[in-house]
Amino acid sequence: MSTTLKNYINGQWTRSKSVTLLEVINPATGQSVAKVPAGCNDDVQDAADAAHEAWQAWRNTPATQRVQYLFKMKQVLEANADEIAQICTKESGKTYAESKGEMIRAIENIEVACGIPTLMQSVFSEDIATGVDEFVIRQPLGVGACISPFNFPIMIPFWFMPYAIACGNTYIVKPSEKVPMTMTRIFELLESINLPKGVLNMVHGGKESVDAILKHPFIPAISFVGSTAVAKHVYQTGTANGKRVQAQGGAKNAIVVMPDADEETTVKIIVDSAFGCAGQRCLAASVVVTVGEASEKITEKIIRMAQSKKTGYGMSHEVDMGPVITLESKERILKLIQTGIDEGAKLLLDGRAVKVTGFEDGYFIGPTILGDVNVESLVYKTEIFGPVLTIINVNTLEEAMELINKNRYGNSACIFTRSGSAARKFRHDTLAGNIGVNIGVAAPMAFFPFSGWKESFFGDLHGQSSHAVEFYTQTKVVIERWNEEWSRKF
Ligand code: NAD
């Protein structure tokens with residue numbers, strides 16, 4: 001019988017009050033590996049109560065002491081990285097190397113958040129009038145929450161949580177119901193760092209838990225990462241309920257290849273970007289826009305390199321690409337490939353029939369490439385979120401940029417070129433939150449803020465580093481007068 005996962009509330013493992021259980025499926029085998037509660041209002045209520053109760057004592061704990069827990073958190077994750085990565089691969093399907101990569105990004109965020117005693121500092125102006133000083137202090141907001149997607153079960157909660165608690169907030173993590181085991185194991189391991197009860201809580205579930213978080217009066221700040229439709233819902237409902245919300249949404253990222261680009265580097269990086277994590281990365285290359293003769297130079301090479309990528313079980317060392325997350329996802333992606341063909345695209349590489357020996361029930365799709373894609377077609381406009389790359393050819397850099405700028409999404413855009421001026425123009429005028437120059441995945445490094453533009457993001461402050469600190473604190477301006485004569489009178 002598979003395990004039923006529990007919530008972690010007020011330092012205790014507690015059974016959900018939800019009566020509905022969902023299966024957690026290993027996408028490589030199609031088999032259930034655990035059951036997770038569908039979530040409910042009462043679970044969120046309990047977690048919010050515990051976090052609210054713990055908040056006053058936690059915010060009065062000096063920042064220098066709060067970060068001591070983060071130093072221990074880093075050590076716990078480092079010491080257990082292999083086990084956590086294995087669980088991540090089991091439930092998400094990504095390769096073990098990709099799961100280990102996530103661990104590194106999560107740990108880097110803890111490291112940056114350890115600098116909170118400095119990061120929370122603010123400004124001071126002496127003598128704004130005679131004997132009067134003015135300064136800003138940053139204070140925590142209360143209970144924060146993050147709602148995360150399936151594709152980075154380890155990393156994404158760490159874009160927010162370490163900063164929030166280091167700033168003196170208490171916190172609730174709501175993992176994706178498709179991959180809840182990884183965060184559950186992380187919370188089990190984190191028990192050893194002895195955070196005060198209620199500072200860090202976890203509730204499972206899907207829409208019901210999310211909607212309860214969005215309405216709860218004790219939760220003033222919410223970080224969301226997921227699809228654009230849900231990001232919009234979370235942003236609109238959360239802000240309508242008076243909360244601050246940062247909601248990161250979907251993507252359709254383009255890589256522009258100029259005729260002067262270094263072929264070898266470009267081809268290798270494009271294939272890694274498009275097919276890493278089976279294309280289920282919000283920064284994955286989804287469209288390659290070749291400019292002029294770049295098309296002849298690289299298209300065939302991209303196909304050959306993509307063909308050499310091995311699809312299979314993520315724990316096997318020789319595998320480059322695991323399955324997609326669910327059967328529904330697989331069916332949706334296969335349907336989109338067929339739609340693309342029906343819309344007139346050329347099927348340059350067909351990964352639809354891939355079979356993995358020993359894993360016949362897994363949700364595998366091999367690398368697939370569509371050429372001559374029409375920019376008005378559904379396959380061009382839709383976020384596929386799978387191992388499907390589309391290729392388009394245009395005549396000029398300006399045309400390529402116009403295509404990117406017209407797209408409803410703006411998560412990332414990359415250019416491959418040897419020309420500094422082309423790169424500069426691209427960086428300056430492209431409407432996307434992350435730009436790569438001779439880089440295929442403009443990855444979120446912990447010491448920089450991270451998020452997209454347009455329908456890839458709703459809110460103001462992004463995740464990670466200085467933005468996470470600003471998001472999880474509110475500023476108070478103080479003006480003070482101290483008169484020497486008053487002291488003398490005593
Ligand atoms: P999703 O939107 O289906 O789910 C995200 C979270 O929202 C989950 O925790 C889920 O439980 C919850 N949820 C789902 N449906 C809901 C609903 N109707 N109401 C309330 N809550 C709901 O996303 P996903 O499929 O888990 O993740 C893939 C998506 O995330 C892709 O679109 C990808 O581009 C995006 N993503 C974006 C970034 C980024 O930084 N912009 C990073 C990673 C993933």
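A few comments on the model shown:
- Taken together, Glu318, Glu383 contain a single residue that is open to solvent by 10 Å² or more (accessible area, probe 1.4 Å), charged (D, E, K, R), in a loop (DSSP other than H, G, I, E, B) and under 30 Å from Glu177 (Cβ atoms), which is Glu383.
- Positions within the stretch 435-459 being of a type in the set (Phe, Trp, Tyr) and either surrounded by fewer than 17 Cβ atoms within 10 Å (Cβ to Cβ) or under 21 Å from Ser421 (Cβ atoms) (or both), in sequence order: Phe447, Phe448, Trp453
- Considering the conditions (1) under 23 Å from Ala285 (Cα atoms); (2) away from the ligand (no atom under 14 Å from the Cβ); (3) surrounded by fewer than 23 Cβ atoms within 10 Å (Cβ to Cβ), Phe426 is excluded by exactly one of them, (3).
- Within the stretch 223-242, the set of residues being aliphatic (A, V, I, L, M) and surrounded by 24 or more Cβ atoms within 10 Å (Cβ to Cβ) comprises Val225, Ala231, Val234.
- Just one of the listed residues (Ala251, Ala274, Ala261) is touching a Pro at 6+ places or on another chain (Cβ under 8 Å) and either open to solvent by 10 Å² or more (accessible area, probe 1.4 Å) or outside any strand (DSSP E or B) (or both), namely Ala274.
- Across the stretch 133-181, the number of residues qualifying as open to solvent by less than 10 Å² (accessible area, probe 1.4 Å), more than 11 Å from the ligand (Cβ to nearest atom) and more than 12 Å from Met202 (Cα to Cα) comes to 13.
- Yes/no for Ala97 being within 22 Å of Val324 (Cα to Cα) and surrounded by fewer than 20 Cβ atoms within 10 Å (Cβ to Cβ): yes
- When the criteria are applied in full, Thr95 fails the requirement of being at pLDDT below 95 and not assigned by TED's automatic domain parsing to the domain that holds Gly362.
- For the stretch 210-223, taking the residues that are more than 7 Å from the ligand (Cβ to nearest atom) and in contact with a Ser or Thr (Cβ under 9 Å, 6 or more places away or on another chain), the one that is farthest from Phe158 (Cα to Cα) is identified as Lys215.
- Val199 meets all of the listed conditions (1) within 14 Å of the ligand (Cβ to nearest atom); (2) out of contact with any Cys (no Cβ under 9 Å at 6 or more places or on another chain); (3) open to solvent by less than 10 Å² (accessible area, probe 1.4 Å) but one, namely (1).
- Among the residues of the stretch 293-315, those identified as more than 17 Å from Ile365 (Cβ to Cβ) and open to solvent by 30 Å² or more (accessible area, probe 1.4 Å) are Glu293, Ser295, Glu296, Lys297, Glu300, Lys301, Arg304, Met305, Met315.
- Test result for Lys90, surrounded by fewer than 19 Cβ atoms within 10 Å (Cβ to Cβ), under 29 Å from Lys178 (Cα atoms) and assigned by TED's automatic domain parsing to the domain that holds Gln474: no
- Every listed requirement among (1) surrounded by fewer than 24 Cβ atoms within 10 Å (Cβ to Cβ); (2) under 20 Å from Val441 (Cα atoms); (3) in contact with a strand residue (DSSP E or B) (Cβ under 7 Å, 6 or more places away or on another chain) is met by Pro220 save one, (2).
- Filter result for the condition that a residue is closer than 20 Å to Gly144 by Cβ and among the small types (Gly, Ala, Ser), over Ala34, Ala48: Ala48
- Screening Arg281 on (1) over 17 Å from the mean Cα position of the chain (by Cα); (2) in a loop (DSSP other than H, G, I, E, B); (3) near the ligand (Cβ under 10 Å from one of its atoms) shows it passes everything except condition (1).
- Close pairs from the stretch 241-254: first farther than 15 Å from Asp460 by Cα, partner among the β-branched types (Val, Ile, Thr) and near the ligand (Cβ under 9 Å from one of its atoms), Cβ under 9 Å, at least 6 apart: Gly250/Thr228; Ala251/Thr228
The values are calculated or read from the model by the stated rules, or taken from the named source; none is laboratory data. Everything numeric in this text was worked out from a predicted model, so none of it was measured. Glycine also receives a Cβ, built like all others from the backbone with ideal geometry; neighbour counts cover every protein chain displayed. Heads up: the accessible areas ignore ligands, DNA and RNA and are worked out on the full protein's heavy atoms, side chains in. Shrake-Rupley method; radii C 1.70, N 1.55, O 1.52, S 1.80 Å.
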